[in-house]
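To start, the structure itself, in structure tokens.
The values are calculated or read from the model by the stated rules, or taken from the named source; none is laboratory data. As the structure is a computational prediction, the values presented were derived from the model and not from experiment. Positions of Cβ are backbone-derived with ideal geometry, glycine not excepted, and every protein chain shown enters the neighbour counts.
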Amino acid sequence: MMKIDRGAEPPFLAAARNAELVKARKYIVEDGNAEGFKFTAYKGVKGVLNDVLGGKCAYCESYYDATSPVDVEHHRPKGAIQTANGRSTPGYWWMAAVWSNLLPSCIRCNREETQPMHDGTSMKVGKGELFPLLDEGDRATAEDGEGDEIALLIDPSVDDPVDYLNFELVDDASIARCIDMSELSLAGRRARSSIDVYGLNRQGLVRSRTRYVLRARTSLRKLKLSIAELERMRSTGQPTAFVETCIDDEIALLKGLTDGEDGYTGTLKRLILPELDAIGIDLRT
């Protein structure tokens, strides 16, 4: 999980949103219907959202683009909200086509279902209609009331996940962990809710993320060995062109893993950048 930039709102969205809001206000507020309104304005941004991360999920950073279409994820659910007290309708209907509420998501993070976890257990994960709050009493029930809410889910377009989450290798598996291991602070509670709701430790995701992490770890090892060999060869006056090429290749590979164009950039940056800083290589420029 990494901090993302959604970019500017598509120019066509405002008009579609405003037209839909007029109809939604009448149906929900004036006529008193809690369910049944057909939201459509947000659907026009599917292609734009897909391009935001180049086919990656905003929550788990997996590539969905090769096998499934993007899910347009409403960070605050539009139609209903599932809470500890049951299902509440309507949801944040006024935010159904608000650009800042929309994210590109894979179906595994977005759709609630029971999935196998990395440790062999099963758990119901996926965001669905969930949007937990620190205090349910602050839940917005009318337009523009969400400003008083303290959300228990990380929004990667607003929050920097590096402040909340670590990704640690445990028995050669890349596991999402809370930075606050006690999970008692607000940051710890937000981290735990996000890990569980988005399913950041589901079995398939852990396997895929681990492959990238192990690839990066192998590349770092090769790079360090090549640098040591370069120094040795220079000290003995041997030709160094081949070793220099090997070093350049490994740096290019590591740069590709951290520049946001590959999967699990947030996880890989935590592993790669400190290791390269220690040997005087800066990939940030």
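Quick look at the numbers
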{"quantity": "Among (1) part of a helix (DSSP H, G or I); (2) closer than 27 Å to residue 73 by Cα; (3) free of Cβ contacts under 8 Å to residues at least 12 places away in the same chain, the one test that residue 196 misses", "calculated": "(3)"}
{"quantity": "Residue 158 being hydrophobic (A, V, I, L, M, F, W, C) and either over 21 Å from residue 76 (Cα atoms) or not in a loop (DSSP other than H, G, I, E, B) (or both)", "calculated": "no"}
{"quantity": "The listed residue being buried (at least 19 other Cβ atoms within 10 Å of the Cβ) and touching a Phe, Trp or Tyr at 6+ places or on another chain (Cβ under 8 Å), out of 267, 258", "calculated": "267"}
{"quantity": "The one condition in (1) of a type outside the set (Val, Ile, Thr); (2) part of a strand (DSSP E or B); (3) within 14 Å of the chain's Cα centre (by Cα) that residue 177 fails to fulfil", "calculated": "(3)"}
{"quantity": "Residue within segment 128-140 that is part of a loop (DSSP other than H, G, I, E, B) and either without any contact (Cβ under 8 Å) to a residue 40 or more places away in the chain or among the basic types (Lys, Arg) (or both) present", "calculated": "yes"}
{"quantity": "Condition broken by residue 21, with the remaining ones in (1) surrounded by 16 or more Cβ atoms within 10 Å (Cβ to Cβ); (2) of a type outside the set (Phe, Trp, Tyr); (3) in a helix (DSSP H, G or I); (4) modelled with pLDDT under 95 satisfied", "calculated": "(4)"}
{"quantity": "Whichever residue in segment 192-212 is more than 16 Å from residue 123 (Cβ to Cβ) and under 15 Å from the mean Cα position of the chain (by Cα) and, among such residues, is surrounded by the fewest Cβ atoms within 10 Å (Cβ to Cβ)", "calculated": "208"}
{"quantity": "Residue ID - farthest from residue 62 (Cα to Cα), chosen from residues in segment 248-285 that are touching a residue at least 40 places away in the same chain (Cβ under 8 Å) and acidic (Asp, Glu)", "calculated": "275"}
